[in-house]
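All remarks here apply to the structure that follows.
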Amino acid sequence: MSDQTILTVAGLKKTFKVGFQRKVVNAVQGLDFSVNAGEIYGFLGPNGAGKTTTIKMVMDLIRPSAGSVKVFGDSPGTLASRRRIGYLPEHPYFYDYLKPTELLEFFGRLHGIKKITRRKRIHELLEQVGLTHAKDRTLRRYSKGMLQRFGLAQALIGDPDLVILDEPLSGLDPIGRKEMKDIVSGLKAEGKTVFFSSHILADIELLCDKIAMIDEGRLLYAGPTRDFVVKGQLEVEIIASNVPEGIFTALEAHADSINSFGSRQKILCNRDSAQQLVKLLVESSAMVESVVPRSETLEEVFVRTAQHPQAEVSK
Amino acid sequence: MSFSINRVMAIATNTFKESIRNRVFIGLMFGALVMIFASLIMSEMVVFDQRKRVIQDFGLFFISFAGVLIAITIGVLLVYNELKRKTIYSLLPKPIHRYEFIVGRYVGIFIILFVMALILSGAWFVVMLLRGVPLQPIFIKAVILILGELAIVSAVAILFSSFSSPVLSGIFTFGIYVLGRQVQFIEELLHAQKGLFVSLPSLKPIGQAVASVFPDLSLFDITMEVLLEVHVGWGYVFGALAYALAYVVVFIIAAAVIFQRRDFV
């Protein structure tokens, strides 16, 4: 993985004036994060957090009220940067009177891809997203899942270095979600950088090297996914059998609780005491069957972080 | 990277594919064709020496009328539909300039109008041949001038649709078309010794503004010359087309500037 920064968001703000009284809504309130080449970067937040507004500013569909976006060191509106970005909008809609091959042909022309290369690329992309069997249907006859997969194909038509996906997993059935996740992992294997938004925490945790978490337009966390999850580690669960009676007093001094299940003991302790307890068990010839750190789910960490944002912000 | 004719033509081709599926286009084309052929029957109802005029008048009127309706309805919907159907979100992030989108849309609608003019004028020529009217160059000049007028009307429609709703855009565009057809009349009124601007002098600045800013669309109507067999030179046709081009450039630049500044929320 390279450390080359390819997307930088600095002090990004967006204010809308809505309604008859021009009420001010601060959709994005000063975001700062950066994405390095080769990463899968998750953009996490509940519905209405400002994820799509931020992504639209990255795609130059919306202009920031303040702050800046740099893509490949350039403004997002330049053709040079757009050539290197593939974008799947949230709930994608396409010209539904066209067949997928016709629309990819059109988008390929916009990318300036030569005709022979274009045909080959369209064939490969439809194969990659599993739509070869439906290439002769108009997009009007596509299901939601098929449209989502086609959306990914059109995002990849220009062979982009950075793929930006807005809620790519929403509305998909379990098989569709798995296929989409496999494709996203495959993109990373091809050396592409993927930036994708989701409000589904499990997807982010599984796929992403780094995350930025926002709520009400504010950044709550930006950094490695692992660090974010470690913050939520509560305790360690040790399962042991054949524990000699004589060491129980010593164990109780370090453990939060000890429960017996037949010949087994389940010992709960904090992370700092775990090593000492394991040492005691091993030295007493007890059988240590498992040592499992019990974490809060990402969802629990998210809720806690959203409730106490100041304590968690990291860059 | 600067303006690319390939990207503009790709957008124009897509616009053409979209528009020929538009029911309004198909309906208006069909209606105009029926009316042009119906002029054969209508011409039976007048005295013999007027038959030729009825056919010529009907043909030019319906080519122009259908064209204006198509230019307005398709023109005001093209940008609006992109937003309503959210297709703009997958199109604009592609490596294109926003102004190329506007120009491509405009070229696409003009191709549609060109095809319409080709089909309807073909039908008109057939009707005239059936009535024994020999084809003359002035017929082609009349159709070319109608296309010049439609070029302006569709540019106005695109301009309004870049920032307004289809209903308002349609009303504004039709308003400019109607006023544009009256520019010469308004100019005559401004210089007259009696009439509207003499009895209501407070309206005179409005009349002057309309006469000096609005395109004079009556330049593109040579129906009377066709009916009276008055010669219209190619110099006049090219002059009118240059006049149309100047307005089109101004309207499309204005549409592109507005579109460039828009947020696509």
- Message: Just the residues that are outside any loop (DSSP other than H, G, I, E, B), more than 37 Å from the chain's Cα centre (by Cα) and at pLDDT 90 or above, please, taken from the range A:229-246.
- Response: A:S241
- Task: Considering (1) within 14 Å of another protein chain (Cβ to nearest Cβ); (2) of a type outside the set (S, T, Y); (3) in a helix (DSSP H, G or I); (4) surrounded by 15 or more Cβ atoms within 10 Å (Cβ to Cβ), say which one B:I70 fails and leave the rest.
- Result: (1)
- Message: Can you say whether A:G130 is among the small types (G, A, S), away from chain B (no Cβ under 11 Å) and part of a loop (DSSP other than H, G, I, E, B), as far as the supplied structure shows?
- Response: yes
- Of those in the range A:58-104 that are more than 18 Å from the chain's Cα centre (by Cα), surrounded by 21 or more Cβ atoms within 10 Å (Cβ to Cβ) and part of a helix (DSSP H, G or I), the residue nearest to the other protein chains (Cβ to nearest Cβ) is A:R82
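When the range A:133-146 is examined, which residues are found to be aliphatic (A, V, I, L, M) and within 11 Å of chain B (Cβ to nearest Cβ)? If you could, list the steps in order and put the result at the bottom.
Taking the range A:133-146 first, the residues aliphatic (A, V, I, L, M) are A:134, A:139, A:146.
Across the range A:133-146, the qualifying residue is only A:L139.
I'd like the full set of residues that are within 14 Å of chain B (Cβ to nearest Cβ) and either more than 17 Å from the chain's Cα centre (by Cα) or part of a loop (DSSP other than H, G, I, E, B) (or both), limited to the range A:20-55. Even if it seems obvious, please write down each step before you answer.
Residues of the range A:20-55 that are within 14 Å of chain B (Cβ to nearest Cβ), as a first pass: A:25, A:27-28, A:48, A:50-55.
Correct list: A:V25, A:A27, A:V28, A:G48, A:G50.
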- Residues (farther than 19 Å from A:R83 by Cβ and buried (at least 20 other Cβ atoms within 10 Å of the Cβ)) located in the range A:105-130: A:L126, A:V129
- Query: Taking into account only those residues within the range A:132-157 that are free of Cβ contacts under 8 Å to residues at least 40 places away in the same chain and under 17 Å from A:P174 (Cα atoms), which is nearest to the chain's Cα centre (by Cα)?
  - Reply: A:R149
- When the range B:9-54 is examined, which residues are found to be in a loop (DSSP other than H, G, I, E, B) and either more than 14 Å from chain A (Cβ to nearest Cβ) or free of Cβ contacts under 8 Å to residues at least 12 places away in the same chain (or both)? B:R21, B:V46, B:V47
- Exactly one of (1) within 14 Å of chain A (Cβ to nearest Cβ); (2) assigned to a helix (DSSP H, G or I); (3) among the aliphatic types (A, V, I, L, M) is unmet by B:I96. Its number? (2)
- Restricting the search to the range A:28-49, which residues are buried (at least 17 other Cβ atoms within 10 Å of the Cβ), closer than 10 Å to A:H199 by Cα and of a type outside the set (G, A, S)? A:F43, A:L44
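Table: residues versus (1) over 29 Å from A:E216 (Cβ atoms); (2) modelled with pLDDT of 90 or more; (3) surrounded by fewer than 18 Cβ atoms within 10 Å (Cβ to Cβ).
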residue	(1), (2), (3)
A:G145	yes, no, yes
A:F150	yes, yes, no
A:L156	yes, yes, no
A:L165	no, yes, no
A:K178	yes, no, yes
A:K181	no, no, yes
A:V194	no, yes, no
A:S197	no, yes, no
- Message: Between B:V198, B:V213, B:V183, B:V226, which is under 21 Å from the mean Cα position of the chain (by Cα) and loosely packed, with under 15 Cβ neighbours inside 10 Å?
- Response: B:V213
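The values are calculated or read from the model by the stated rules, or taken from the named source; none is laboratory data. Fair warning: this is a prediction, and the values are worked out from it, not measured in the lab. Heads up, the Cβs are rebuilt from the backbone with ideal geometry, glycines too, and the neighbour counts pull from every protein chain shown.
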